[in-house]
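Structure record follows, encoded as structure tokens.
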Amino acid sequence: MFMRHPDILLVDDDMLFRQQLLARLELWNARVHEADCAEQGIVLAGRHHPDLVLGNLMMPGHRQEALPALFRRYYPELPFVAVSGAGNMAEVAAALRAGAVDYLIKPVQNWSVVKRRLAVCLAPAALQERQEMAEFESNLAFYRRQDMAASRLLRDLVRSEDKQLGSWRLSLKHSTPWVLTQSVRLEQDLLLLVAEFDPLYPDTPMLMLLVAFLLNEPLRQYRGGTSPLLQSPARTLEYINRKLFEAGLNTSVNLMLLRLRADSNTVEVANGGMTGSDWLSSCNAGPLGRDEFTASLWHQHCRFPLQLSLCGGYGGRIELTASRTSG
């Protein structure tokens, strides 16, 4: 049954089909007005102000003008559902161009489908707008909650700042919020993660959080003496790539790991997509997130403070300065 008692004007010269459809409409809780010609239908529409017209696409005496077009000329706001025995796409297109809001083919094979489609056409415009607005507001609230949660977690991860980590002092400046830096102390050494993300990827905030926490388990194992993974930036980079690939993310991440060695004034680099110098290019294994990924390790003697200008594949720039303090 329909949710309310709609007034439906039924216009069809096929008496047998009209009676069959009339019985169904009344069973579904509709009040039905009948007409067997276009002229009578126009008159009844003006008299009863129906909620919907259900009529034959073409009527005798009006072969030059489809019935939906005729009703649109007289009652432009009245929805019209066309009915015809023709089942080809040309007839469907003609009905819609003539102003029909839907199209039914007779003989009817599935009356429950007809009822559902008529119910949609009978829904008041204001009700449809309220339903659409409610759905929009629900979706907006969901994404606002997600964005607020991600923003709170990322706030301290992406901002440019100076950090003091034991004897190490880092200065990091980002040109985009889609850059993430993480630093981990390994006894006297420092392991630094620098990553850049696709700003057009819809789940980038959550992806940034995932990458930010990927070092937690290797660090726990390192401190417990159960895994040497963090001793090698190349193996750590492969570990991060594997985790990203297993997550099934349809995107890539530019990510580089640097280990600053205090005892030898050496930087060890494993690079997955960052550029900025010849030696970075020589060990660049390409962006992370792939099934097949092999990282290579680059050793570079350096003097502190170490200054690096890095670029990612999505236009981000990172200025990094690392220095050591006495004591």
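Would you please list the contacts, defined by Cβ atoms under 8 Å and residues six or more apart or on different chains, that run from a residue in region 292-310 that is in contact (Cβ under 8 Å) with a residue 24 or more places away in the chain to a residue that is of a type in the set (Phe, Trp, Tyr)?
Matching pairs, first to second residue: PHE293/PHE245; TRP298/TRP279; GLN300/TRP279.
Collect the residues in region 22-50 that are polar (S, T, N, Q) and on the phi < 0 side of the Ramachandran plot, keeping them in residue-number order.
Hit for region 22-50 is GLN40, nothing else.
Any idea which of (1) of a type in the set (A, V, I, L, M, F, W, C); (2) surrounded by 15 or more Cβ atoms within 10 Å (Cβ to Cβ); (3) in contact with a strand residue (DSSP E or B) (Cβ under 8 Å, 6 or more places away or on another chain) is the one LEU249 doesn't satisfy?
Here LEU249 meets the rest and fails (3).
Tell me which of these ALA295 doesn't satisfy, since it passes every other one: (1) out of contact with any Ser or Thr (no Cβ under 9 Å at 6 or more places or on another chain); (2) surrounded by 20 or more Cβ atoms within 10 Å (Cβ to Cβ); (3) in a loop (DSSP other than H, G, I, E, B).
Checking ALA295 against (1) out of contact with any Ser or Thr (no Cβ under 9 Å at 6 or more places or on another chain); (2) surrounded by 20 or more Cβ atoms within 10 Å (Cβ to Cβ); (3) in a loop (DSSP other than H, G, I, E, B), the one that fails is (1).
If you scan region 253-279, which residues turn out to be surrounded by fewer than 20 Cβ atoms within 10 Å (Cβ to Cβ) and not in a strand (DSSP E or B)?
ALA262, ASP263, SER264, ASN265, GLY276, SER277, ASP278, TRP279, listed by residue number.
What is the residue count in region 1-48 for residues that are part of a helix (DSSP H, G or I) and among the aliphatic types (A, V, I, L, M)? Explain how you work it out, then say what you get.
Of region 1-48, the ones part of a helix (DSSP H, G or I) are 15-27, 38-48.
From the residues that got through so far, the ones that are among the aliphatic types (A, V, I, L, M) too are 15-16, 21-23, 25, 27, 38, 42-45.
Here the count works out to 12.
Restrict the check to region 195-203 and report whether at least one residue is under 34 Å from the mean Cα position of the chain (by Cα), in a helix (DSSP H, G or I) and more than 20 Å from LEU310 (Cα to Cα).
No: zero hits.
Restricting to region 1-30, name every residue that is of a type outside the set (Gly, Ala, Ser) and surrounded by fewer than 14 Cβ atoms within 10 Å (Cβ to Cβ).
If the condition is that a residue be of a type outside the set (Gly, Ala, Ser) and surrounded by fewer than 14 Cβ atoms within 10 Å (Cβ to Cβ), then MET1, MET3, ARG4, HIS5, MET15, LEU16, GLN19, GLU26, LEU27, ASN29 are the ones that fit.
Run GLU238 past the list (1) of a type in the set (Asp, Glu); (2) at pLDDT 90 or above; (3) over 21 Å from GLU196 (Cβ atoms) and report the number of the one that doesn't hold.
So GLU238 meets the others, but not (3).
The values are calculated or read from the model by the stated rules, or taken from the named source; none is laboratory data. As the structure is a prediction and not an experimental result, all values here were calculated from the model. FYI the Cβ positions are ideal-geometry reconstructions off the backbone, even for glycines, and counts take in every protein chain you see.
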